[in-house]
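Structure first, then comments.
The values are calculated or read from the model by the stated rules, or taken from the named source; none is laboratory data. All values reported here derive from a predicted model rather than from experimental measurement. So basically every Cβ, Gly included, is an ideal-geometry build from the backbone, and we count neighbours across all protein chains shown. Quick note on the areas: whole protein, heavy atoms, side chains included, nothing else; ligands and nucleic acids left out. Shrake-Rupley method; radii C 1.70, N 1.55, O 1.52, S 1.80 Å.
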Amino acid sequence: MLKINPPEKWIETGLFMAAVVSAVAIVSILLLLIYFCLPLFSGNGLSRVFSWRWQPIDGQFGILPMCAGSLALSILALGIAFPPAIGICTLVHVLSRGVFARIVLILTHFMTGIPTVIYGFVSVFVLVPRIRSLSEAGTGFSLLTAAITLAILILPTIVLVCYTRLEQLDPVLRLASAAMGFTPIQQMRHVLMPAATKGVAAAAILGLGRAMGDTLISLMLAGNAAQFPGSLFTSFRSLTAHIGLVVATDSQSLAYQSVFAAGLVLFLLVAALNLIIRKTDNRITANAFLRVQETRHEQNF
Amino acid sequence: MKTDTRYRWILYFTVAMMVVAASSGMVSAASVDSFAGMEGTISIAGGTAHIPVMNDAAKAVMTAHPKIRITVEGGGSGIGVQKVGEGLVDIGNTGRPLSKEEIAKYGLQSYAFALDGVAVVIHPENPVSGLSAQQVRDIFAGSVTNWKEVGGKDGAIHLFTRDEASGTREVFWGNLLNKGAIASSANVVASNGAMKVAVAQDKAAIGYAGIGHVDKSVKAVILDGVMPSQENAMNGTYPVTRKLYMNTKGEPGKLVKTFIDYILGPEGTALSQKHGYLPLQ
């Protein structure tokens, strides 16, 4: 006992320190961003940064088109990635659990390791010309191009988180529903998915967060025109790409300071999304729990 | 067996050390040697187009002579003039010649070391081969939107421009567009390389790139009858160029002078060319 105790203490202290360091890091990033944004609050800096026009030549430094761009891009990417992700989960969890499922899972794991720049690069040569031929007005560098590529990027994240949650479910659920004559699809729809709602929501949050934080895909594929993303085929700029493009400019200019505002908005946007989805997630989870209870109840009868 | 492996590791280690020694020896060869025996600091600030060249030069010098410290900051040409004029830095970089007032006020000396020229580029299959400066201005302002209006096929013009921090953009915008507007619907790419890839793929595209970067994948547009070539840029007939300058306050000290000579010498010229600029000779 005496021998085990000191290392355990060290481990405990070590873990506590690690937790403190990460918490402090997050808080200080937020504080630093706010500190760098302070100059904007003097004069009319704030109204100039939170406007719809980015035209540095005329002294217009609005980042709102980029905020809209980031939101549109990440929501669209999640919309494209989510249905196939659930499809893949259904396939590997209930439809085919043999060698084929294992191969699909290995492929999905492999996809998480592919560097973003590869997706971007391949898309420039494969997807951009096809999107360009679809629409007369666009150059192929557009909301749709970036969203499709980003969807491929976040797909494995969503699949793996969902799948892990499904695998953790009580096997009784599956066996019981199968015994009641549910087809695999019905098991998934009426029993397993409702029971795993929390995991599915967590997967969606992770996917959305990753989509919103990604810089390279939108920098390479979105076209980066500082305008409102009015259609699927217009060129637009995300907040992350905006930071990447402007950060190298003259550090005295308002353009440079707007980068910190963009960073702060991005930070708050991701935090807010997390909070909102967490709140609804609790409600959904509660509902799902009740539904599962009902299902179990029905099974008991 | 055991000793055998150990010897082999010693052999590997020795070979690795020899490779390291040889490669560091290569860096210190040629004109970096002129810094031999010197120590001190050189501070540099100003033009952003200069930064890649200055950084590479600083790295080469500091690797060979650890007692020399060189700091490189940006800020833009205006900052470069101010800082060197007030004596805050040793070298102030500008992407434009100094004005008479600046020279008179601070007593500055200029050293031009490279030429930065920008060509308008289009897809190689585009039938258009020449444009007037006014046509280019109209296209980039967004008032001409169809290739038919400038002698090409019927179809929308796809605009490509560079990011706000780009020196290439500054030359193009200042010397060719006369600081006119660029349509906000223009696509923005982050490098000369990305510009080439984008324009090479899109038959309706128009963009611009440093002359040093133009190759067969894109077509350089003849501007007002002048081909944007290295020769025309250097003899002054092609107008969309600027020289890159280093400026010092009065006569530079020995260390700073050696650095300037290094940038002007063959090794510095090679660095300039590596980053897409044209040599002055």
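Note on region B:142-157: among residues that are part of a helix (DSSP H, G or I) and open to solvent by 50 Å² or more (accessible area, probe 1.4 Å), the one that is nearest to the other protein chains (Cβ to nearest Cβ) is B:148.
Look at region B:178-189: where a residue is under 12 Å from residue B:164 (Cα atoms) and a partner is surrounded by fewer than 16 Cβ atoms within 10 Å (Cβ to Cβ), sitting 6+ places away or on another chain with Cβ atoms under 9 Å, you get B:182/A:55; B:182/A:57; B:182/B:141; B:182/B:142. Looking at the structure I just gave you, is residue A:172 within 14 Å of chain B (Cβ to nearest Cβ) and either in a helix (DSSP H, G or I) or at pLDDT 90 or above (or both)? No, not satisfied.
Could you say whether any residue in region B:178-191 is under 17 Å from residue A:225 (Cα atoms), modelled with pLDDT under 90, more than 9 Å from chain A (Cβ to nearest Cβ) and not in a helix (DSSP H, G or I)? Yes, the conditions are met somewhere in region B:178-191. Applying the set (1) at pLDDT below 90; (2) among the hydroxyl-bearing types (Ser, Thr, Tyr); (3) more than 21 Å from residue B:42 (Cβ to Cβ) to residue B:277 leaves exactly one unmet item: (3).
Among the conditions (1) within 26 Å of residue A:204 (Cα to Cα); (2) assigned to a helix (DSSP H, G or I), residue A:129 misses just one, which is (1). Looking only at region B:35-73, residues that are among the small types (Gly, Ala, Ser) and in a helix (DSSP H, G or I) come to 4 in all.
Conditions tested, residue by residue: (1) surrounded by fewer than 21 Cβ atoms within 10 Å (Cβ to Cβ); (2) in the same structural domain as residue B:236 (by TED's automatic domain parsing).
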residue	(1), (2)
B:44	no, no
B:80	no, no
B:87	yes, no
B:131	no, yes
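Which residues, counting only those in region A:193-249, are closer than 15 Å to residue A:143 by Cβ, of a type in the set (S, T, N, Q) and open to solvent by less than 30 Å² (accessible area, probe 1.4 Å)? Answer for region A:193-249, where residues must be closer than 15 Å to residue A:143 by Cβ, of a type in the set (S, T, N, Q) and open to solvent by less than 30 Å² (accessible area, probe 1.4 Å): A:218, A:224, A:235, A:238, A:240. Only helices (runs of 4 or more DSSP H) whose full extent lies in region A:1-116 are considered here, and the ones with at least 3 residues that are more than 30 Å from residue A:193 (Cβ to Cβ) are A:5-41, A:45-49, A:64-90. Here residue B:116 passes the criteria (1) in a strand (DSSP E or B); (2) away from chain A (no Cβ under 11 Å); (3) open to solvent by 10 Å² or more (accessible area, probe 1.4 Å); (4) of a type outside the set (Phe, Trp, Tyr) except the one numbered (3).
Sort through B:120, B:144, B:171 and tell me the only one that's more than 24 Å from the chain's Cα centre (by Cα) and closer than 22 Å to residue B:224 by Cα.
B:144
Going by the structure shown, is residue A:145 surrounded by 12 or more Cβ atoms within 10 Å (Cβ to Cβ), modelled with pLDDT of 90 or more and within 14 Å of chain B (Cβ to nearest Cβ)? Taking the combined requirement at face value, the residue satisfies it.
Could you please let me know if residue B:193 is in contact with a His (Cβ under 8 Å, 6 or more places away or on another chain) and surrounded by fewer than 24 Cβ atoms within 10 Å (Cβ to Cβ)? The answer is yes for residue B:193. In this structure, does residue A:176 turn out to be more than 20 Å from residue A:96 (Cα to Cα) and touching a residue at least 40 places away in the same chain (Cβ under 8 Å)? It is false that residue A:176 is more than 20 Å from residue A:96 (Cα to Cα) and touching a residue at least 40 places away in the same chain (Cβ under 8 Å).
For (1) touching a strand residue (DSSP E or B) at 6+ places or on another chain (Cβ under 6 Å); (2) among the charged types (D, E, K, R); (3) open to solvent by 30 Å² or more (accessible area, probe 1.4 Å), each residue gets a yes or a no:
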position	(1), (2), (3)
A:13	no, no, yes
A:16	no, no, yes
A:20	no, no, yes
A:48	yes, yes, yes
A:75	no, no, yes
A:83	no, no, yes
A:93	no, no, no
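Exactly one residue out of A:123, A:135 is among the hydroxyl-bearing types (Ser, Thr, Tyr), surrounded by fewer than 21 Cβ atoms within 10 Å (Cβ to Cβ) and within 14 Å of chain B (Cβ to nearest Cβ): that is A:135.
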